[in-house]
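Since the structure comes first, as structure tokens, the remarks are kept for the end.
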Amino acid sequence: MDRLSGSEVKNLLRERKLVLILDLDHTLINSTRLHDISAAEMDLGIQSAASKNDPDRSLFTLQGMCMLTKLRPFVRKFLEEASNMFEMYIYTMGFKAYAIEIAKLLDPGNVYFDSKVISNSDCTQQHQKGLDVVPGADSLAVVLDDTEYVWQKHKENLILMERYHYFAASCRHSGQSLSELMQDERESDGALATILDVLKRIHTIFFDLGVGTALSSRDVRPVIKRMRQEVLQGCKLVFSRVFPSDCRPQHQIMWKMAEQLGAVCCSEVDPSVTHVVAVHAGTEKARWAVKHKKFLLHPRWIEACNYRWHRQPEEDFPVPGLKEDKGKEKVAEITPVCN
């Protein structure tokens, strides 16, 4: 992949465009091998649905690869709108032939990607992705990917996507798939619709709110960081029995995630604490939260805030062990659990 020259960067900025790096699997699509289709999926007729000649379908058969691919809801509208703000690249750890086939499904008119398809053969480091394959784009690039660890050198550019698990083989250890549940993400407020709004805000802040700073010296990474820190700004969290007792909580992913979202994390309760994060309502800190009318919620709340880039309703993430009393107020079960 050729380096973005100085003139190309200037042209991008003149056109009010940034660079958008798009992962494929679990971000824009979900694929499975034909022999991995579950019995339930066979009964639902998924394979025949993928073979229909319907221009609006989202299920496809990759004949030469013996695979099925499901497009994530809203992906076509997402690409259409994102293309007005970004120069877009596909970047996958999959094989080049596979990446090209998926690009044809996503962009049949070859309007968005052209030759901007990066695969595992282009990677310069094993099991890692990097912006060195699009050199010159570090300060302009926003990355959408469901896997954080492959972006060790460019975490500041990354927007972590919630994984799209449509096929059963994709989530064997995570319960039923969307296909087996006969459900799917909603077009209106699913992952891609949510992130499109985030991208629009990033674009606006970069181009319209950087008054007094030359375009050529602006950097998208502080914009991403600042927006992320606004999500849980003003929240002070205490964790109760969420982490292993022999580990330092400050080193745990959930603690770091909350801090990146702008929350203050601490180990002990005090009047300034706003939220207690727990997996059971019987811990001492959980019971303290109930007594002092603080938010008591499950760790999934932090993950949801991270994926949605917005503080989520606390009541949607209850902690097991809570029950309703006659006054309809939540109270902790009597059985105590250690901190």
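Numbers for the structure displayed
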quantity	calculated
Those residues of region 132-148 which are more than 21 Å from residue 305 (Cβ to Cβ), surrounded by fewer than 21 Cβ atoms within 10 Å (Cβ to Cβ) and not β-branched (Val, Ile, Thr), in sequence order	132, 135, 136, 138, 139
Top-ranked residue of region 155-167 - restricted to ones that are in contact with a strand residue (DSSP E or B) (Cβ under 7 Å, 6 or more places away or on another chain) and in a loop (DSSP other than H, G, I, E, B), ranked as surrounded by the fewest Cβ atoms within 10 Å (Cβ to Cβ)	165
Matching residues in region 119-151 - criterion: being in a loop (DSSP other than H, G, I, E, B) and touching a Ser or Thr at 6+ places or on another chain (Cβ under 8 Å)	119, 130, 136, 146
Qualifying position, being assigned by TED's automatic domain parsing to the domain that holds residue 81, among the polar types (S, T, N, Q), within 27 Å of residue 96 (Cα to Cα) and surrounded by 14 or more Cβ atoms within 10 Å (Cβ to Cβ), among 115, 177, 170	170
Some residue of region 28-42 being in a loop (DSSP other than H, G, I, E, B) and modelled with pLDDT under 95	yes
Filter result for residue 203 (in the same structural domain as residue 24 (by TED's automatic domain parsing), of a type outside the set (Gly, Ala, Ser) and touching a residue at least 60 places away in the same chain (Cβ under 8 Å))	yes
Residue selected from region 76-108 under the condition among the hydroxyl-bearing types (Ser, Thr, Tyr) and either farther than 20 Å from residue 187 by Cβ or in contact with a helix residue (DSSP H, G or I) (Cβ under 9 Å, 6 or more places away or on another chain) (or both), by the criterion surrounded by the most Cβ atoms within 10 Å (Cβ to Cβ)	91
Selection count, region 1-13, where residues are without any contact (Cβ under 8 Å) to a residue 24 or more places away in the chain, assigned to a helix (DSSP H, G or I) and not small (Gly, Ala, Ser)	1
Residue identified as within 19 Å of residue 17 (Cβ to Cβ) and not aromatic (Phe, Trp, Tyr) among 132, 107	107
Failed condition for residue 215, given (1) surrounded by 13 or more Cβ atoms within 10 Å (Cβ to Cβ); (2) at pLDDT 95 or above	(2)
Residue list for region 265-281, filter: buried (at least 16 other Cβ atoms within 10 Å of the Cβ) and either farther than 20 Å from residue 319 by Cα or touching a residue at least 40 places away in the same chain (Cβ under 8 Å) (or both)	274, 275, 277, 278, 279, 280, 281
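Table: residues versus (1) in a helix (DSSP H, G or I); (2) closer than 21 Å to residue 106 by Cα; (3) within 16 Å of the chain's Cα centre (by Cα); (4) among the β-branched types (Val, Ile, Thr).
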| position | (1), (2), (3), (4) |
| --- | --- |
| 153 | no, no, no, no |
| 170 | yes, yes, no, no |
| 175 | no, no, no, no |
| 178 | no, yes, no, no |
| 181 | no, no, no, no |
| 186 | no, yes, yes, no |
| 196 | yes, yes, yes, no |
| 199 | yes, yes, yes, no |
| 204 | yes, no, no, yes |
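The values are calculated or read from the model by the stated rules, or taken from the named source; none is laboratory data. What you see is a predicted model; the values in this text were computed from it and never measured. Here the Cβ is made from the backbone with ideal geometry for all residues, glycine too, and neighbour counts use every protein chain on show.
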